[in-house]
Amino acid sequence: MTSTTDVREFVVNQRNGVKGLSSSQIPVIDVSNWNDPQVASEICDAAAKLGLFQIVNHGIAPVELKALVAAARGFYQLPVEERSRYWKGSSVSETAWLTTSFSPYKESVLEWRDYIKFEFLPQRHGFDATWPPVCKEQVTDHFKRMKPIANKILNILINNLNSTINESNQQTLMGTMRMNFNYYPECPEPSLAIGTGRHSDINTLTLLLQEDGVLRSLYARATEDGDKWIHVPPIPGAIVVNIGDVLQIMSNDRYRSVEHCVLVNKSCSRVSIPVFCEPIRDSVIQTLPEVLENNEMARYRKVVYSDYLKVFFERPHDGKATIESVKL
């Protein structure tokens with residue numbers, strides 16, 4: 001079933017209407033004081049119930065976020081011959097590549113999206129001279145700004161599992177960081193297309209910047225609310241945080257990766273910029289031993305992250321099928 005069909009089922013057949021679809025139930029957490037126990041409690045509660053929340057007062061200035069969005073739009077405004085220099089498979093950069101849809105050679109219908117992906121390499125301090133000049137400074141700065149925020153959130157979530165981030169699991173939690181510039185053009189027939197199909201992120205944690213003012217685009221399936229699709233509205237200056245499959249496995253379902261999708265718009269284009277915290281490719285993903293101390297049984301088998309990636313990218317977006325494939 002496609003995401004468009006799922007949302008139409010909720011709106012029309014289940015008689016919720018657009019009002020039901022648009023009603024936001026996503027927690028917005030003020031993180032101006034990371035040491036406040038209430039902040040930690042709200043983050044862990046949202047990770048357990050929804051797998052999704054938004055953070056505000058995180059320390060990144062609005063002007064910096066607007067500059068990043070402008071840089072993303074600047075890339076897509078380049079002449080096609082300049083953009084195509086970064087096309088996946090023949091990119092002039094080893095750490096930036098442009099493509100379309102999700103798995104274009106596997107999908108029967110392409111998603112209505114282009115995206116350029118940037119990979120953060122710590123040994124280069126995040127900067128790569130081969131990145132597009134129109135955006136490389138903003139991409140570098142955003143990686144540097146997001147890394148400590150991701151680290152704070154992960155520390156809270158891991159501490160809540162009676163564990164800590166240390167040398168043995170640091171590379172599994174955020175050994176790799178990547179960033180997308182997602183571009184969703186105006187779509188002449190939104191009812192026949194999907195921006196991004198329904199899926200959960202397979203990584204550890206995703207921190208997403210939505211472009212201000214473009215409503216009715218990002219939707220999530222709330223596991224604690226009868227699996228309804230709910231709107232994730234863009235809030236100026238906010239970062240959307242969603243839990244990935246890796247954290248669901250490591251927590252033995254205490255935290256839930258969230259299924260989400262993106263709808264397209266007939267009248268305007270949209271940019272979104274996620275930063276993905278991921279394990280290094282040879283990490284073994286498994287439930288934390290601290291979670292299993294009271295004779296609790298692991299619900300997932302061990303899996304090497306590179307193998308997990310392979311399964312995910314071998315087929316079109318299809319909900320949470322990848323994590324289901326490693327259930328015991």
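Annotations
- Only a single criterion out of (1) within 30 Å of GLU119 (Cβ to Cβ); (2) basic (Lys, Arg); (3) touching a residue at least 24 places away in the same chain (Cβ under 8 Å) is not satisfied by LYS228, namely (1).
- Just one residue in the set GLU167, GLU186 is within 17 Å of ASN155 (Cβ to Cβ) and assigned to a loop (DSSP other than H, G, I, E, B); that residue is GLU167.
- Restricted to the stretch 73-89, and to residues there that are among the small types (Gly, Ala, Ser) and either modelled with pLDDT of 95 or more or touching a Lys or Arg at 6+ places or on another chain (Cβ under 6 Å) (or both), the residue that is surrounded by the most Cβ atoms within 10 Å (Cβ to Cβ) is GLY74.
- Out of VAL246, VAL311, sole residue that is open to solvent by 10 Å² or more (accessible area, probe 1.4 Å) and β-branched (Val, Ile, Thr): VAL311
- Qualifying residue in the stretch 126-144 (condition: of a type in the set (Lys, Arg), within 22 Å of ILE60 (Cβ to Cβ), modelled with pLDDT under 95 and surrounded by fewer than 18 Cβ atoms within 10 Å (Cβ to Cβ)): yes
Listed here are the residues, each with its yes/no results for (1) surrounded by 12 or more Cβ atoms within 10 Å (Cβ to Cβ); (2) at pLDDT below 60.
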| position | (1), (2) |
| --- | --- |
| ASP6 | yes, yes |
| ARG15 | no, yes |
| SER22 | yes, yes |
| VAL31 | yes, no |
| CYS44 | yes, no |
| GLN54 | yes, no |
| HIS58 | yes, no |
| LEU68 | yes, no |
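- Of the residues screened, ASN180 is not one that is touching a residue at least 24 places away in the same chain (Cβ under 8 Å), under 22 Å from LEU288 (Cα atoms) and not in a helix (DSSP H, G or I).
- Note on the stretch 31-56: among residues that are of a type outside the set (Gly, Ala, Ser) and more than 20 Å from the chain's Cα centre (by Cα), the one that is nearest to ASP245 (Cα to Cα) is VAL39.
- Which numbered condition GLU94 misses (of (1) at pLDDT 95 or above; (2) part of a loop (DSSP other than H, G, I, E, B); (3) among the acidic types (Asp, Glu)): (1)
- Residue in the stretch 202-220 that is part of a strand (DSSP E or B) and among the charged types (D, E, K, R) present: no
- Positions within the stretch 282-309 being under 30 Å from TYR184 (Cα atoms) and free of Cβ contacts under 8 Å to residues at least 40 places away in the same chain, in sequence order: SER306, ASP307
- Restricting the first member to the stretch 69-90 and to residues that are at negative phi and in contact (Cβ under 8 Å) with a residue 40 or more places away in the chain, and the second to residues that are among the hydroxyl-bearing types (Ser, Thr, Tyr) and not in a helix (DSSP H, G or I), the beta-carbon pairs closer than 7 Å and six or more apart or on different chains are TYR76/TYR183; TYR86/SER93.
- When GLU107 is tested against (1) among the acidic types (Asp, Glu); (2) at pLDDT below 95; (3) within 26 Å of ILE158 (Cβ to Cβ), exactly one condition is not met: (3).
- Top-ranked residue of the stretch 254-276 - restricted to ones that are under 25 Å from VAL326 (Cα atoms) and at pLDDT below 95, ranked as surrounded by the most Cβ atoms within 10 Å (Cβ to Cβ): SER257
- The stretch 176-215 - residue that is open to solvent by less than 20 Å² (accessible area, probe 1.4 Å) and among the small types (Gly, Ala, Ser) and, of those, nearest to GLN138 (Cα to Cα): GLY195
The values are calculated or read from the model by the stated rules, or taken from the named source; none is laboratory data. Quick caveat, the model's predicted, so the values are computed rather than measured. In this analysis, Cβ positions are derived from the backbone assuming ideal geometry, glycine residues included, and neighbour counts consider all displayed protein chains. Accessible surface areas use protein heavy atoms only, side chains included; no ligands, DNA or RNA. Shrake-Rupley method; radii C 1.70, N 1.55, O 1.52, S 1.80 Å.
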